[in-house]
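Report on one structure; see the data block that follows.
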Amino acid sequence: MELNDILKIGEVCEVSGRMIKAGVYAEKNTEYLNYNGTIVKNVSIGSYVLIRKGFSNIIGKVEGEYMKEEFVETPKVINKKSVTKRIVGIGILGAIEDNKFVHGVTNLPMIGNYVYVVTEDVISDIFAKNAKDKITLGTLIGYEEYPFEVNVQDLLCSHIGIFGNTGSGKSNTLAKLYREVVEKYKSNSKFNSNAKFVIIDFNGEYSKVFDNANVYRLSTRTRTRAGKRYPISNDDVMDGEFWSIILEATDKTQKPFIERCIRKFKRLLDGKDTYDRDALCGIIYNSNEKIIECRSYIKEIFYLLGISNRFPAIEERLMFNSKLRTMYLKGDVRDNYSPTKEEIYELAFGTDDNQEFDIANLDMFEKFKLILYWNYCEEIGKSFITKEHIGPLMARSSNKIDSLSQIFVVGDSNENQRKNVDIISLVGLRVDMRKIVPLIICKKLYTEKKAGKKKSLDSSLHIIVDEAHNILSNTSIRESVEWKDYRLECFEEIIKEGRKFGTFLTISSQRPSDISDTIISQLHNYFIHRLVNEEDLRKIYRTIAFSDKSTNEMIPILPAGGCVFAGLASNFPVLARISILPEGNQPQSENVDIQKIWY
């Protein structure tokens with residue numbers, strides 16, 4: 001940058017740490033300067049200046065303006081003349097060394113040093129992080145002619161937070177960021193095979209953002225399986241952790257019960273255990289005084305095995321006498337107390353021979369449900385477990401296991417492997433499944449990534465959670481404290497340890513105050529759109545160390561699409577306006593046109 005009198009706008013008049021003050025020449029109090037035939041924006045709040053100290057070029061940002069009144073004696077007038085002088089407050093950011101911007105205060109200016117307006121080449125040095133690969137997300141607020149570019153390495157190899165009130169532009173920022181990345185690298189075969197992007201879409205907004213993506217519109221609203229279900233493997237279904245998440249199992253009593261069910265489940269799939277009519281009548285016989293507690297589950301077992309027509313005889317004639325503490329068969333003339341196993345068999349199956357049940361036509365979830373109910377009736381009949389401990393888990397099981405067949409498909413999907421962007425829409429799920437399904441998917445992906453060990457850094461996994469307060473909230477009152485802690489710990493592990501395994505988390509939310517402090521504080525880069533709620537602002541101010549006071553004060557008054565970008569991918573907080581995506585690729589989060597639908 002050539003320093004001359006046109007760009008010189010004032011002199012340093014006060015130095016106090018990194019904050020200095022400079023007096024602006026009266027003739028330079030204009031909005032623009034004409035420099036070599038081009039219009040240069042003059043000094044104002046938010047603009048950048050260069051202070052020349054010897055051979056050092058110190059860069060600062062204007063953070064405030066003041067007015068100072070001075071009195072000047074005139075030779076012909078007795079009274080002194082009042083002169084108003086414009087003062088600007090400047091925060092030192094760094095210096096230009098060898099045509100590169102170096103962030104940090106290593107050299108402070110002296111009183112009397114000249115202050116210059118910076119030109120585009122200096123702005124380029126300030127914001128450039130000297131990286132080959134960059135993506136352009138928009139323009140700088142106050143320097144609209146200069147693009148807002150971000151280094152891909154510094155941004156994508158980090159955990160990212162995107163925050164802002166509804167309508168502030170955070171959905172567009174998320175979509176713009178990852179569409180630009182995919183469009184930039186999609187022609188590279190290594191990118192397609194080594195990068196995986198998974199978007200957890202709570203409101204069904206992002207299905208049109210990418211030209212080539214797996215879109216899973218998960219739903220529990222209908223009994224059909226018309227929508228595209230998310231693929232999981234046989235190993236996932238045989239994992240006790242998977243079922244503990246689904247059924248919200250407690251550690252001390254319910255998880256051990258699930259582990260025993262898993263062992264039976266594996267033996268069933270391996271053909272090592274026999275499930276026949278005689279065994280079924282055996283668990284009915286052994287239930288004895290617990291028959292009332294088991295009746296509904298036995299009925300479900302009959303239904304799953306395709307013999308529901310046999311259950312009415314059990315339901316109508318097999319009773320329990322609470323005084324004698326024994327089962328009895330209700331008869332036309334007299335009742336048969338303490339029936340034998342053979343009499344129960346005759347009641348259900350008559351004189352038919354014993355035979356194994358054909359369970360091949362059941363899907364994996366129905367098979368596990370069969371084992372769950374079978375094992376519950378078996379263990380409660382033997383007094384291995386109590387209804388008080390396992391009953392709540394069983395009560396949750398029916399609807400949730402039935403929903404799994406609508407949400408997941410067991411088996412590998414070749415199409416899923418060919419595309420490296422998965423968009424998982426949860427808008428069709430029940431409220432109770434909207435927290436469980438994302439947790440299952442994210443934990444499954446992260447566990448598989450960790451299992452790669454040495455190969456885990458040969459690829460990258462990017463988990464993107466929109467409306468993250470739905471699953472990362474630490475104030476939920478609809479779930480137990482134990483389950484909430486487990487849910488948060490799973491995501492806290494990803495954000496604490498994921499970088500070591502090539503896994504990175506991006507969260508977007510309109511309520512950062514609801515999200516765990518641990519998760520917010522572990523983020524590396526932030527896109528902060530307009531926030532006006534005091535709790536949200538306090539959370540941002542408390543957890544984001546990159547921002548300064550003047551930048552923080554801009555957050556409540558940012559325009560739609562405007563944001564403060566701060567973090568490891570930026571030398572200092574930057575005010576930027578994110579470009580709007582083309583109409584066909586915009587997230588479906590636009591406002592209703594009241595005049596259009598009302599007139």
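The values are calculated or read from the model by the stated rules, or taken from the named source; none is laboratory data. Bear in mind that the values here come from a model prediction, so they are computed numbers and not experimental data. As a convention, Cβ positions derive from the backbone with ideal geometry for all residues, glycine included, and neighbour counts pool all protein chains shown. Surface accessibility is based on the protein's heavy atoms, side chains included, excluding ligands, DNA and RNA. Shrake-Rupley method; radii C 1.70, N 1.55, O 1.52, S 1.80 Å.
Determine which lysines satisfy two conditions relative to Lys330: a Cα distance under 25 Å, and not lying fewer than 8 residues away in the same chain.
Correct list for Lys330: Lys290, Lys299, Lys341, Lys382.
How many percent of the accessible area of the range 218-328 is carbon or sulfur, using a 1.4 Å probe?
The value for the range 218-328 is 44 percent carbon and sulfur by accessible area.
Excluding Arg499 itself, what net charge comes from residues whose Cβ is under 14 Å from its Cβ, given Lys and Arg +1 and Asp and Glu -1? Walk me through the numbers before you get to the answer.
Numbers: positive: Lys449, Lys450, Lys496, Lys500; negative: Asp154, Glu492, Glu493, Glu497.
Surrounding charge for Arg499 is 0.
Using the 4.7 Å Cβ rule, please list in number order the cysteines from the chain without any candidate partner.
Unpaired cysteines in the chain: Cys13, Cys157, Cys261, Cys281, Cys442, Cys490, Cys563.
Got a sec? Charge dipole of the range 103-193, +1 on Cβ for Lys and Arg, -1 for Asp and Glu; which of Asn172, Leu137, Phe191 is way out at the positive end?
Phe191
Apply the a/c threshold of 1.5 to the C-alpha gyration tensor of the range 493-593 and tell me whether it is rounded, prolate or oblate. Spell out each step's value before the answer.
Working: a/c = 1.56, a/b = 1.20, b/c = 1.30.
The shape class here is oblate.
By its C-alpha gyration tensor, with a ≥ b ≥ c as the square roots of the eigenvalues, how is the range 126-176 shaped: rounded for a/c under 1.5, else prolate for a/b larger than b/c, else oblate? The partial results should precede the final answer.
Values: a/c = 2.42, a/b = 1.25, b/c = 1.93.
Oblate shape, in that a/c is at least 1.5 and b/c is the bigger or equal ratio.
Which percent of the accessible heavy-atom area of the range 346-426 goes to carbon and sulfur, probe 1.4 angstrom?
Numbers: 1440 of 3550 Å².
Exposed carbon and sulfur together represent 40 percent of the surface.
Only four residue types carry charge here, +1 at the Cβ of Lys and Arg and -1 at the Cβ of Asp and Glu. Report the dipole size of the range 457-599 about the Cα centre in Debye, rounded to the nearest 20. Mind showing how you got there, number by number?
On the way: 14 positive and 20 negative charges, 69 e Å.
Roughly 340 debye for the range 457-599.
Let's see if you can work this out: charge +1 on each Lys and Arg Cβ, -1 on each Asp and Glu Cβ, no other charges. What is the dipole magnitude of the chain about its Cα centre, in debye to the nearest 20?
On the way: 83 positive and 82 negative charges, 111 e Å.
Value, rounded to 20: 540 debye.
As a test of the formula, what do you get for the chain when each DSSP H run with n ≥ 4 contributes -39,500 (n - 2.57) and the sum is divided by the residue count, at 222 nm and rounded to the nearest 500 deg cm²/dmol?
Working: 21 runs with 213 residues, N = 599.
Value at 222 nm, helices only: -10500 deg cm²/dmol.
For the chain, give the share of DSSP beta bridges that are antiparallel, in percent and rounded to the nearest 5; count only bridges with both residues there. Numbers along the way, then the final one.
Values: 73 of 105 bridges.
Here the antiparallel bridges make up roughly 70 percent for the chain.
Kindly sort Met67, Met110, Met327, Met554 by accessible area of their heavy atoms, largest first, with the probe set to 1.4 Å. If you can, show how the numbers build up before the last one.
On the way: Met67 155, Met110 110, Met327 5, Met554 60 Å².
Solvent-accessible surface, decreasing: Met67, Met110, Met554, Met327.
From the gyration tensor of the Cα coordinates in the chain, what semi-axes in whole Å does the equivalent ellipsoid have, largest first, with each one equal to sqrt(5λ)? Could the numbers behind the result be given before it?
Working: eigenvalues 953, 107, 78 Å².
Calculated on Cα positions only, the semi-axes equal 69, 23, 20 Å.
Keeping the other protein chains in place, figure out the carbon and sulfur percent of the accessible area of the range 491-599, with a 1.4 Å probe. Mind showing how you got there, number by number?
On the way: 2560 of 5220 Å².
Result for the range 491-599: 49 percent of the exposed heavy-atom area is carbon or sulfur.
Suppose every K and R has +1 on its Cβ and every D and E has -1 on its Cβ; what is the size of the dipole of the range 315-392 about the Cα centre, in Debye to the nearest 20? Mind showing how you got there, number by number?
On the way: 10 positive and 16 negative charges, 121 e Å.
Magnitude of the dipole: close to 580 debye.
If you average the sequence gap of Cα pairs under 8 Å that are 6 or more apart and divide by the length of the chain, what percent do you get for the contact order?
On the way: 1027 pairs, mean separation 120.6, N = 599.
This gives 20 percent for the chain.
For Lys186, go through the aspartates and glutamates and keep the ones whose alpha-carbon is under 16 Å away, minus same-chain ones fewer than eight residues off.
Output for Lys186: Asp133, Asp211, Asp422.
Give me the one-decimal nm value for the distance between modelled label points at Glu144 and Glu342, 7 Å along each residue's Cα-to-Cβ direction.
9.5 nm
Helices from the chain with mean Kyte-Doolittle at least -0.5 and a Cα length along the axis of 20 Å or more, per DSSP H: which?
Working: long enough: 170-185 (23 Å, -0.81); 254-269 (22 Å, -0.57); 364-381 (26 Å, 0.05); 387-407 (30 Å, -0.47); 431-451 (31 Å, 0.05); 481-497 (23 Å, -0.78).
TM-like helix candidates: 364-381, 387-407, 431-451.
Over the chain, with the other protein chains present, what is the accessible area per residue in square angstrom, probe 1.4 angstrom?
Numbers: 29170 Å² over 599 residues.
Using a 1.4 Å probe on heavy atoms only, each residue of the chain averages 49 Å².
What share of all Cα pairs of the range 264-368, in percent, falls into each consecutive 10 Å distance bin?
14, 46, 29, 10, 1
Straight-line reach from Lys443: which lysines have a Cα under 19 Å away, not including same-chain ones fewer than 8 places off?
Lys196, Lys255, Lys400, Lys435, Lys453, Lys455, Lys484, Lys496, Lys500
Which shape class, rounded, prolate or oblate, goes with the range 328-399 when its Cα gyration tensor gives a ≥ b ≥ c as root eigenvalues, a/c under 1.5 marks rounded, and past that a/b bigger than b/c marks prolate? Show your work: numbers first, answer last.
On the way: a/c = 2.63, a/b = 1.36, b/c = 1.94.
Taking the square roots of the gyration eigenvalues as a ≥ b ≥ c, the range 328-399 is oblate.
Using DSSP to call loops (not H, G, I, E or B), can you name the GluC sites (Glu not before Pro) in the range 2-32 whose Cβ has at most 13 other Cβ atoms within 10 angstrom? Spell out each step's value before the answer.
Values: sites: Glu2, Glu11, Glu14, Glu27, Glu31; in loops: Glu2, Glu31.
Within the range 2-32, the qualifying GluC sites (Glu not before Pro) (loop, at most 13 other Cβ atoms within 10 Å) are Glu2, Glu31.
Are there trypsin sites (Lys or Arg not before Pro) in the range 316-414 that DSSP puts in a loop and that have at most 14 other Cβ atoms within 10 Å, and which ones?
Within the range 316-414, the qualifying trypsin sites (Lys or Arg not before Pro) (loop, at most 14 other Cβ atoms within 10 Å) are Lys323, Arg325, Lys330, Arg334, Lys382.
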